[in-house]
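To start, the structure under review is shown below, and the notes come after it.
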Amino acid sequence: MRLTHSFARLLPLLTLAGLAACGGPKTDQSAENKAANAAEIVTNAAVNAVNEVVLDTAPAPVPQNFDSLGKIRIGATLREMEHEGLAVAGQDEPLDEESTCTYATFKDMPDLAVMMDGERIARIDVGDKRHEGPGGLRVGQSEAEALKRLGGKARVELHPYTGPEGHYLVVHEDGAPRGLIAETDGKQVQSWRIGQWEQVQWIEGCA
């Protein structure tokens with residue numbers, strides 16, 4: 001952040017603008033015009049410096065990529081993932097005959113699982129700091145750092161099981177089909193998930 005540096009440049013510009021506007025004794029119209037032009041140039045420079053300060057201090061926007069993590073894509077089938085070079089380690093069975101929800105895992109990704117809705121991936125669950133989420137979110141980050149990474153888009157809610165100490169960091173716009181929830185113990189990120197908003201909200205996975 002260049003707040004101090006920008007204001008250090010801004011103050012002399014504002015001083016020069018005032019001096020240029022006031023000028024000295026006016027001898028003719030030409031001198032007045034020159035003073036006015038100088039004041040306008042310096043004032044424009046001062047305005048640009050102020051805009052730079054605002055841009056420097058505003059939170060960075062978070063890429064709203066709740067569609068994928070590396071090669072894993074929401075909406076894809078496991079067969080399509082295998083064609084992308086991912087080896088499926090296993091897939092469990094639905095809890096009952098009416099359920100279409102299962103979980104699948106990939107080899108060499110022990111702390112990552114995908115929730116399936118029928119044949120298609122509906123949600124990605126991450127419990128390992130090796131995988132980077134939207135805005136640079138990672139397991140193990142402090143809650144404060146995670147909120148910063150999410151660019152002020154997240155709202156903090158009580159974790160349904162570990163609150164009030166534990167929290168949910170929720171990123172979702174009204175009506176959007178997909179979103180993100182990160183779980184914390186109040187200090188550090190423990191896990192996070194992205195995908196179809198309906199399934200992302202399910203507290204106990206397929207249960």
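Every number here is computed from the coordinates shown, using simple stated rules; none is lab data. On a predicted model such as this, the values are computed, not experimentally measured, just so you know. Neighbour counts are summed over all protein chains in view; Cβ atoms, including those assigned to glycine, are modelled from backbone coordinates with ideal geometry.
What to note about this one:
- Separation of the range 71-141 and the range 146-164, taken as the distance between their Cα centroids, equals 23 angstrom.
- For the range 162-170, 3J(HN,Hα) computed residue by residue from phi via the Karplus equation (6.51, -1.76, 1.60; θ = phi - 60°) reads 9, x, x, 5, x, 9, 9, 9, 10 Hz, glycine and proline entered as x.
- Going from the residue with the fewest nearby Cβ atoms within 10 Å to the one with the most, T184, T102 rank T102, T184.
- Here the Karplus relation 6.51 cos²θ - 1.76 cosθ + 1.60, evaluated at θ = phi - 60°, turns the backbone of the range 68-85 into coupling constants of 7, 9, x, 7, 7, 10, 5, x, 7, 9, 5, 5, 5, 5, 5, 5, 7, x Hz, with x for every Gly and Pro.
- Rough spin-label spacing in nm, given labels placed 7 Å along Cα→Cβ, for Q201 and V156: 2.3
- When +1 charges are put on Lys and Arg Cβ atoms and -1 charges on Asp and Glu Cβ atoms, the dipole computed for the range 68-200 relative to its Cα centre reaches about 760 debye.
- At 0.692 mPa s and 37 °C, Stokes diffusion of the range 109-187 via Kirkwood alpha-carbon radius, µm² per second: 244
- Taking the C-alpha atoms of the range 142-207, convex hull volume expressed per residue in Å³: 80
- For the range 68-200: rounded, prolate or oblate by the Cα gyration tensor [a/c cutoff 1.5]: prolate
- The modelled label-to-label distance for the pair S99/D67, using points 7 Å beyond Cα in the direction of Cβ, is 3.0 nm.
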